[in-house]
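First up is the structure itself, then whatever we jot down about it.
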Number of protein chains: 2
Amino acid sequence: MPMRNCRGQGWWHGKFRGCGYRLTVGREAILDLLSGGKGHLSAEDIYLKIHARYPNVGLTTVYRTLDVLSGLGMVHKFDFGDGRARYELAQGPKGEHPHHHHLVCTSCNRVIDYTDFIDDEVELLRRTEKGLGEKYNFKITSHVIQFYGLCAKCRENK
Amino acid sequence: MPMRNCRGQGWWHGKFRGCGYRLTVGREAILDLLSGGKGHLSAEDIYLKIHARYPNVGLTTVYRTLDVLSGLGMVHKFDFGDGRARYELAQGPKGEHPHHHHLVCTSCNRVIDYTDFIDDEVELLRRTEKGLGEKYNFKITSHVIQFYGLCAKCRENK
DNA sequence: TTGAAAGTGAAAACCATTTTCAATAACTGC
DNA sequence: GCAGTTATTGAAAATGGTTTTCACTTTCAA
């Protein structure tokens, strides 16, 4: 999984610089990792992978960068109930990361991304967002849909 | 807001005892408070109110009780992104607490319960749950739908 | 009434996240 | 390219919600 872009040439370059943020090794490494496709990583997951390649990128920077990315809407932060936040790239350069929702096992904490039914869900969400936004004068920027239950494995081991 | 039931006579009595749990002052006080209707209270919120009336019920008991209730499905635990969990009674004795979803302001953390569109949402959720349950062999027990954005007040102060 | 087991409070531990602060790196204008 | 400004950084300490520990108390079945 090599770096696909020279320093400062990433697709996010513009967005980042446009908002007054500087491009740093740590930030690029984190965006690169998140672009890699693996979803719902914790800050520590990210730190361990980044730190292996760039030993002078610290956990603090990971948290700070995720915060910035979250604020820019480039990353979504999730809570799956295991006491640590999880992060996912909101949108790849060419829409690589299709919109999906999560199925969370309350026993083993495994998370399944699903895209089934997503069209219906998104369609309903769009309507609901519009209605709620008008009724409560709320500017809706994002949503979360999650299902909780027991995964196949945990059902067996019951 | 007086206790409406004598000790051990609450509607949850059966469910509780049926699962091998003992009825204690603290547990009853907590269930009573949650039945009172105010939604999305934090553990500390609950502790402060309970402790005022029953000074020997500690914060630890609040956490433990909420955990038990959560496990029994009598209480739902939510994360609204402000670093503390929030709890709501899942279902009153006679369905007092109608199913609703949440609108969360990312600026002031205010939470609005809404029931608009809830029928469409629940209908879609039912279908989705069925489909996902079959496809992934998942036993779905609950769901979360939340919208995030800026509330009316925070939009003004912008 | 009584004993076994569940439940408890207080204090300590836990642990993900945030803050502090002095040092460093990235960008700007020259 | 260079220097100055300022954002960014790592390490360590602080924070704060939640959990654990442990000796004591309460519940409840017999």
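The values are calculated or read from the model by the stated rules, or taken from the named source; none is laboratory data. Treat the numbers as computed from the prediction; the structure is a model and nothing was measured. FYI the Cβ positions are ideal-geometry reconstructions off the backbone, even for glycines, and counts take in every protein chain you see.
Scanning region B:109-134 for residues that are touching a strand residue (DSSP E or B) at 6+ places or on another chain (Cβ under 8 Å) and closer than 30 Å to residue A:154 by Cβ yields B:118, B:121, B:125, B:128, B:129, B:132, B:133. All conditions in (1) within 9 Å of another protein chain (Cβ to nearest Cβ); (2) in contact (Cβ under 8 Å) with a residue 40 or more places away in the chain; (3) more than 15 Å from residue B:132 (Cβ to Cβ) hold for residue A:105, with the sole exception of (3). With respect to the conditions (1) within 11 Å of DNA strand D (Cβ to nearest atom); (2) surrounded by 15 or more Cβ atoms within 10 Å (Cβ to Cβ); (3) in a loop (DSSP other than H, G, I, E, B), residue A:39 falls short on a single one, namely (1). Residue under question is residue A:120, and the condition is that it be within 16 Å of DNA strand C (Cβ to nearest atom) and of a type in the set (Asp, Glu); does it hold? Considered against the rule, which asks whether it is within 16 Å of DNA strand C (Cβ to nearest atom) and of a type in the set (Asp, Glu), residue A:120 comes out as no.
Hey, any hits in region B:76-85 for a residue that's at negative phi, away from DNA strand C (no atom under 11 Å from the Cβ) and in a loop (DSSP other than H, G, I, E, B)? For region B:76-85, residues at negative phi, away from DNA strand C (no atom under 11 Å from the Cβ) and in a loop (DSSP other than H, G, I, E, B): present.
Within region A:43-64, residues that are farther than 11 Å from residue A:29 by Cβ sit with their Cβ atoms under 8 Å from residues that are more than 9 Å from DNA strand D (Cβ to nearest atom) and of a type outside the set (Ser, Thr, Tyr), at 6+ positions apart or across chains, in these pairs: A:43/A:66; A:43/A:84; A:43/A:85; A:44/A:84; A:59/A:43; A:59/A:44; A:63/A:43. Anything in region A:111-140 that is surrounded by fewer than 14 Cβ atoms within 10 Å (Cβ to Cβ) and either on the phi > 0 side of the Ramachandran plot or part of a loop (DSSP other than H, G, I, E, B) (or both)? List them, or say none. Matches in region A:111-140: A:115, A:137. Considering the conditions (1) under 26 Å from residue B:124 (Cα atoms); (2) of a type outside the set (Val, Ile, Thr); (3) within 16 Å of DNA strand C (Cβ to nearest atom), residue A:102 is excluded by exactly one of them, (3). Counting the residues of region B:108-158 that are farther than 27 Å from residue A:139 by Cβ and either at the interface with another protein chain (Cβ under 8 Å from one of its Cβ atoms) or in contact (Cβ under 8 Å) with a residue 24 or more places away in the chain (or both) gives 13. Just to be sure before I move on: is residue B:31 more than 9 Å from DNA strand D (Cβ to nearest atom), under 30 Å from residue B:109 (Cα atoms), outside any loop (DSSP other than H, G, I, E, B) and at pLDDT below 95 in the structure I sent? Against the criterion (more than 9 Å from DNA strand D (Cβ to nearest atom), under 30 Å from residue B:109 (Cα atoms), outside any loop (DSSP other than H, G, I, E, B) and at pLDDT below 95), residue B:31 qualifies.
Exactly one condition in (1) over 30 Å from residue A:130 (Cβ atoms); (2) over 13 Å from the mean Cα position of the chain (by Cα) is false for residue B:119; which is it? Among (1) over 30 Å from residue A:130 (Cβ atoms); (2) over 13 Å from the mean Cα position of the chain (by Cα), residue B:119 violates only (1). One residue alone among B:132, B:103, B:66, B:150 is modelled with pLDDT of 90 or more and closer than 30 Å to residue B:22 by Cα, and that residue is B:66. Can you pull out the residues in region B:48-97 that are aliphatic (A, V, I, L, M), within 13 Å of chain A (Cβ to nearest Cβ) and within 13 Å of DNA strand D (Cβ to nearest atom)? B:85, the sole residue that qualifies.
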